[in-house]
Amino acid sequence: LHNHGFWRPKPLLDTARFTLSFNSRHRKSHRDSQALWKHEAVQKYLESLSKEYQQVSRQLSADSLNDFEQRTLRRRCADLSPIAAAFQEIKETEREVQELEAMCTELDSRDEKQLLHLALEEKESLDKKMNVLCRKLFQLLVPKEKYDRSPVILEVTAGRTTGGDICQQFTKEMFDMYQNYADYKGWTFDIVNYTPAEIGGLHHAAAHISGENVYRHLKYEGGTHRVQRIPETGMSSRMQRIHTGTMSVIVLPQPEEVDVKVDPKDLRIDTFRAKGAGGQHVNKTDSAVRIVHLPTGLAVECQQERSQQMNKEIALRTLRAKLYQQVAEKQLSQEQSARKLQLGTRAQSERIRTYNFTQDRVTDHRISYDARNIKEILSGKEALDKLINRLLEFAEIEAVTQYLENLQALEGGG
């Protein structure tokens, strides 16, 4: 098509090899979708896509196109159509907002309080509509990641750095939070491994979570989570001393078809009695299974089912997912591995989020976002969903901003 000289496509965002870095410099003026929409580079980019959509639509009606050209242009038209429609809808809504602002100024000067109140209410409604439309537009611009729709293996581990018992208790609360969140989203939450602590906390646990867009919602939960609280028992509780502890979360996508060959000779399979909660089979039969992949040292456990054979099958599936993750990471030679990035050293300096019980505040350090009411967050329902969606919106804004900066650098010869 390029050789014919009648169509030169503008690139849509291609972030297939883009890794979101929350540690990059904060773009203070772009922290919400509507603010980014007003940026000159965004307006210029969207105008170019809108013009291209009109050009491609005109070219599709030409009689001189062969089948290949028709198919290529139709695909491009399908990509651009929803973006062009969203762009025009936002422009129209923006004009309505500007007209209302002018009306409010006039009503205020005439001291028409009742009419001014009604106009301000309508403007507030339009502002909310603008936020929703801008978010929708940037979701269209940012391509879905390869594994966004995949189920996941979610692992939680009590920290080894500081905190002692407080880490294990917090790890249990976090695992319960994700289980409740899965229920809130209508997902399936199957416990694969559960190693409780002696005092009622949790050393380590893993679960297989499946449902709609599971990885998309949980992919930014991986990392070190810090807790600050006064213990309920012991000397620290009587002295009102605040303890700090950490726990880590790892989120691994588990594609439906994981084609990784595992040689049985490379596996060491051990059986042991389940330690988890509930069920008459617990501690009575050697139904739990641990599989160690000798070449890599990877180890997985499963004690979810009563049947040793079923636990073995689940453990093998989990092992293949982890091996697949390693293969994928090796392909991204210039990028850090997702597992290492999420796990780090479990040090407090690498924390992604802090849960401060004494101030009843949850802070996500990557997006400088504070949420009140820790109990609501840990209940795993609407408050956690709001926080996760804020992370997703920030990620979309980061992706669009970084892409446009790269595009400007290329156009400017930088």
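The values are calculated or read from the model by the stated rules, or taken from the named source; none is laboratory data. Because the structure is a prediction, the values reported are computed rather than measured. Cβ sites come from the backbone with ideal geometry, for glycine too, and all protein chains shown count toward neighbours. Ligands, DNA and RNA are excluded from the accessible area calculation, which covers all protein heavy atoms including side chains. Shrake-Rupley method; radii C 1.70, N 1.55, O 1.52, S 1.80 Å.
Model label points for Asp183 and Leu392, set 7 angstrom from Cα along the Cα-to-Cβ axis, are 2.2 nm apart. Modelled this way, with points 7 Å down the Cα-to-C-beta line, the labels at Gln139 and Ala41 are 2.5 nm from one another. Distances between placed amide hydrogens fall under 5 Å for Ala288 paired with Phe272, Ala274, all partners being 5 or more residues away or on another chain. Placing a label point 7 Å from the Cα of Leu115 along the Cα-to-Cβ direction, the residues of region 64-104 whose backbone N falls under 14 Å from that point are 100-104.
Taking the protein heavy atoms of region 63-172 in the context of the full set of protein chains, the accessible area attributed to carbon and sulfur is 48 percent at 1.4 Å. Determine the shape class of region 70-217: with a ≥ b ≥ c the square roots of the Cα gyration tensor eigenvalues, call it rounded for a/c under 1.5, and otherwise prolate if a/b is greater than b/c, oblate otherwise. Verdict is oblate for region 70-217. For Arg353, list long-range residues whose amide hydrogen, built 1.01 Å from N in the peptide plane, is under 5 Å from its own amide hydrogen. Amide H neighbours of Arg353: Arg226, His365.
When all protein chains stay in place and ligands, DNA and RNA are ignored, the 1.4 Å accessible-area order of Lys386, Lys91, largest first, is Lys386, Lys91. Accessible surface computed residue by residue for region 29-172, with neighbouring protein chains in place and a 1.4 Å probe, gives 57 Å² per residue. Distance between the 7 Å Cα→Cβ label points at Asp385 and Gln54: 4.0 nm.
With semi-axes defined as the square roots of five times the eigenvalues of the C-alpha gyration tensor, the equivalent ellipsoid of region 33-141 measures 39, 13, 11 Å, largest first.
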